[in-house]
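First the structure, in the form of structure tokens, and then the observations on it.
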Amino acid sequence: MKIAVVGTGYVGLVSGTCFAETGNQVTCIDIDINKVNKLSNGEITIYEPGLEKIFLRNTKEGRLKFTTSLEEGIKDAKIIFLALPTPPGADGSADLKYVLGVAKQLGTILKDGDYKVIVDKSTVPVGTADKVRKAIIEASNNTLVCGDDGQFEVVSNPEFLREGVAVDDFMKPDRVVIGANSEKAKKVMGDLYAPFVRQGNPIIFMDEKSAELTKYAANSFLATKISFMNEIAQLCERLDANVDMVRKGIGSDDRIGKRFLFPGIGYGGSCFPKDVQALIMSSDEVGYDFKILKAVEDVNEKQKLHLMPKINKYFKGDLQGKHFALWGLAFKPNTDDIREAPALYVIDALTAAGATVTAFDPEAMSNIKNQIGDKINYASNQYEALQNADALIIATEWNEFRTPEFDKIESALKNKTIFDGRNLFDVEEMKEKGYHYASIGR
Ligand SMILES: NC(=O)c1ccc[n+]([C@@H]2O[C@H](COP(=O)([O-])OP(=O)(O)OC[C@H]3O[C@@H](n4cnc5c(N)ncnc54)[C@H](O)[C@@H]3O)[C@@H](O)[C@H]2O)c1
């Protein structure tokens with residue numbers, strides 16, 4: 001099948017590459033000419049484990065191509081995916097300017113020829129598929145007709161991949177959600193996804209509004225689990241209980257499940273914060289006060305700075321001139337994505353208090369340099385970051401931070417002091433090693 005993917009970021013590049021991997025002819029389109037040039041020259045633009053290998057294989061086989069031209073990219077495509085940004089607008093609601101902008105362009109380009117299925121893969125509020133439909137028709141001066149006998153149909157196919165394991169998530173999804181009101185479009189989408197659901201994982205067909213809401217409900221539920229555990233951790237600190245034990249105690253109950261119960265310095269990334277905000281806004285718009293989600297957001301905002309009172313207390317409220325080593329900048333391990341990363345908030349708080357920071361992250365260094373420049377210093381490895389620091393702060397749970405060489409930490413740090421926002425080490429062992437070790441909820 002011939003497929004076009006509009007927007008070649010984390011979702012677009014992974015989706016396009018994985019669709020090519022199952023034999024489809026894929027053209028990825030992006031307005032960023034540097035990105036398109038790099039990709040066309042065989043250079044991958046994001047860090048995502050396992051992606052480069054299949055990207056190179058499929059570009060070499062000629063099944064995966066890149067262009068800045070929407071018109072050229074969608075030519076002959078049967079399916080057009082929109083994997084465009086939906087950032088929060090000024091009021092927190094999802095800004096649809098990218099999605100609707102491309103929809104309008106499509107309205108002027110689509111011709112009276114082959115039937116095309118246009119797929120919203122971006123995370124978009126309920127009603128967006130209809131807005132896309134209307135934008136296309138209006139831009140065509142009402143010449144295009146949507147429907148089985150027309151030139152196009154719009155369906156919703158939210159994406160559930162997780163950065164860091166995106167290729168696996170895409171190739172072997174727990175489920176594929178397709179919101180479509182047309183049997184013809186359902187058939188096209190079902191055929192496309194058949195190779196990805198061979199092991200019995202379901203394609204769940206539903207109406208488009210339910211599909212749009214499913215994505216927000218999934219992310220908001222996961223964010224709720226995190227904020228809930230962060231509040232339990234707060235309680236543990238005040239009651240002298242251990243959140244690790246509570247986590248194990250509740251996680252062994254099937255109804256609760258073991259995952260997403262790890263407390264820390266809050267969730268970040270390009271999805272949870274904006275999707276929680278967008279669902280709150282969508283609820284407000286229809287007159288519903290989504291109280292739980294407002295609390296989830298509020299808890300997370302505070303949690304990002306949960307280490308700061310501990311740091312301030314240890315240094316007796318005076319961080320002026322203190323120097324900190326910071327391990328981890330990405331919003332989570334196995335990605336170079338720093339969007340809404342808790343580490344950024346920690347950096348802001350430390351530098352505002354007059355402290356300096358030297359940071360290391362295995363993959364996010366160039367992204368952070370582009371974003372905050374010389375606000376902090378950068379190290380070329382985790383131990384170099386420790387030189388002459390008054391304390392180490394851990395903000396991302398990269399595997400390589402889990403079993404460090406403590407001898408090297410001790411010889412580089414001025415004080416044996418670690419503030420761990422991701423609970424990497426055992427509290428008792430750290431005590432035995434003679435560290436001042438502060439973590440979350442223990
Ligand atoms: N990143 C994730 O883990 C993830 C997971 C599931 C869903 N989503 C959703 O998928 C959508 C895309 O997210 P992302 O993380 O891939 O974003 P991204 O910012 O990484 O990528 C978006 C791409 O679209 C391009 N673009 C912008 N305007 C364009 C235009 N007019 N024509 C062509 N290309 C254009 C940008 O240059 C960029 O490369 C969002 O709605 C997001 O919420 C993201």
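The values are calculated or read from the model by the stated rules, or taken from the named source; none is laboratory data. Just so it is clear, the structure is predicted and the values come from calculations on it, not from any experiment. Note: ideal-geometry Cβ built from the backbone for every residue, glycine included; neighbour counts use all protein chains shown.
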query: Got a sec? Which of S140, S69, S93 is within 12 Å of the ligand (Cβ to nearest atom) and touching a residue at least 24 places away in the same chain (Cβ under 8 Å)?
result: S69
field: Members of region 72-85 that are of a type in the set (A, V, I, L, M, F, W, C) and more than 9 Å from the ligand (Cβ to nearest atom)
entry: I74, A77, I79, I80, F81
- request: Search region 16-36 for residues that are in the same structural domain as I46 (by TED's automatic domain parsing) and pair each with any residue that is within 15 Å of the ligand (Cβ to nearest atom) and among the acidic types (D, E) when their beta-carbon atoms are under 7 Å apart and the residues are at least 6 apart or on different chains.
  value: V36/D30
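Those residues that are free of Cβ contacts under 8 Å to residues at least 40 places away in the same chain and closer than 24 Å to G147 by Cβ, I need them from region 173-193; list them, please.
As a first pass, look at region 173-193 and keep what is free of Cβ contacts under 8 Å to residues at least 40 places away in the same chain: 173-178, 180-183, 186-187, 190, 193.
The answer is V176, V177, I178, A180, N181, S182, E183, K186, K187, G190, Y193.
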- prompt: Within region 124-134, how many residues are away from the ligand (no atom under 12 Å from the Cβ) and not in a helix (DSSP H, G or I)?
  reply: 2
- request: Return only the number of the condition from (1) more than 16 Å from the ligand (Cβ to nearest atom); (2) in contact (Cβ under 8 Å) with a residue 40 or more places away in the chain; (3) within 30 Å of M365 (Cβ to Cβ) that T59 does not satisfy.
  value: (2)
message: Looking at region 324-363 only, could you name the residues that are among the charged types (D, E, K, R), under 17 Å from K302 (Cβ atoms) and either within 16 Å of the ligand (Cβ to nearest atom) or in contact with a Gly (Cβ under 9 Å, 6 or more places away or on another chain) (or both)?
response: E340
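Residues in region 80-90 that are touching an Asp or Glu at 6+ places or on another chain (Cβ under 6 Å) and free of Cβ contacts under 8 Å to residues at least 24 places away in the same chain: how many? Walk me through it before giving the result.
Step one: of region 80-90, the residues touching an Asp or Glu at 6+ places or on another chain (Cβ under 6 Å) are 82, 87, 89.
Applying the additional criterion that residues be free of Cβ contacts under 8 Å to residues at least 24 places away in the same chain yields 89.
Total meeting the criteria: 1.
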- prompt: Are any of the residues in region 4-12 crowded, with 24+ Cβ neighbours inside 10 Å and either more than 10 Å from the ligand (Cβ to nearest atom) or more than 21 Å from the chain's Cα centre (by Cα) (or both)?
  reply: yes
- request: Considering every residue within region 179-192, establish whether at least one is surrounded by fewer than 14 Cβ atoms within 10 Å (Cβ to Cβ), small (G, A, S) and not in a loop (DSSP other than H, G, I, E, B).
  value: no
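Filter region 149-160 for residues that are surrounded by 21 or more Cβ atoms within 10 Å (Cβ to Cβ) and assigned to a loop (DSSP other than H, G, I, E, B); which is farthest from the ligand (Cβ to nearest atom)? Please lay out each step first, then the result.
Within region 149-160, the subset surrounded by 21 or more Cβ atoms within 10 Å (Cβ to Cβ) is 152-159.
Then drop every residue that is not assigned to a loop (DSSP other than H, G, I, E, B), which leaves 157-159.
Working: N157: 11, P158: 7, E159: 4 Å.
The selected residue is N157.
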message: For G92, only one of the following conditions fails: (1) within 23 Å of S270 (Cα to Cα); (2) at pLDDT 95 or above; (3) not charged (D, E, K, R). What is its number?
response: (2)
task: Among the residues of region 102-123, write down those that are more than 24 Å from T214 (Cα to Cα) and either near the ligand (Cβ under 9 Å from one of its atoms) or under 22 Å from the mean Cα position of the chain (by Cα) (or both).
output: Q105
statement: The condition of being surrounded by fewer than 20 Cβ atoms within 10 Å (Cβ to Cβ), among the aliphatic types (A, V, I, L, M), part of a loop (DSSP other than H, G, I, E, B) and in contact with a helix residue (DSSP H, G or I) (Cβ under 9 Å, 6 or more places away or on another chain) holds, among L305, L319, only for L305
query: In region 14-26, which residue that is surrounded by 24 or more Cβ atoms within 10 Å (Cβ to Cβ) and of a type in the set (S, T, N, Q) is farthest from the ligand (Cβ to nearest atom)?
result: T17
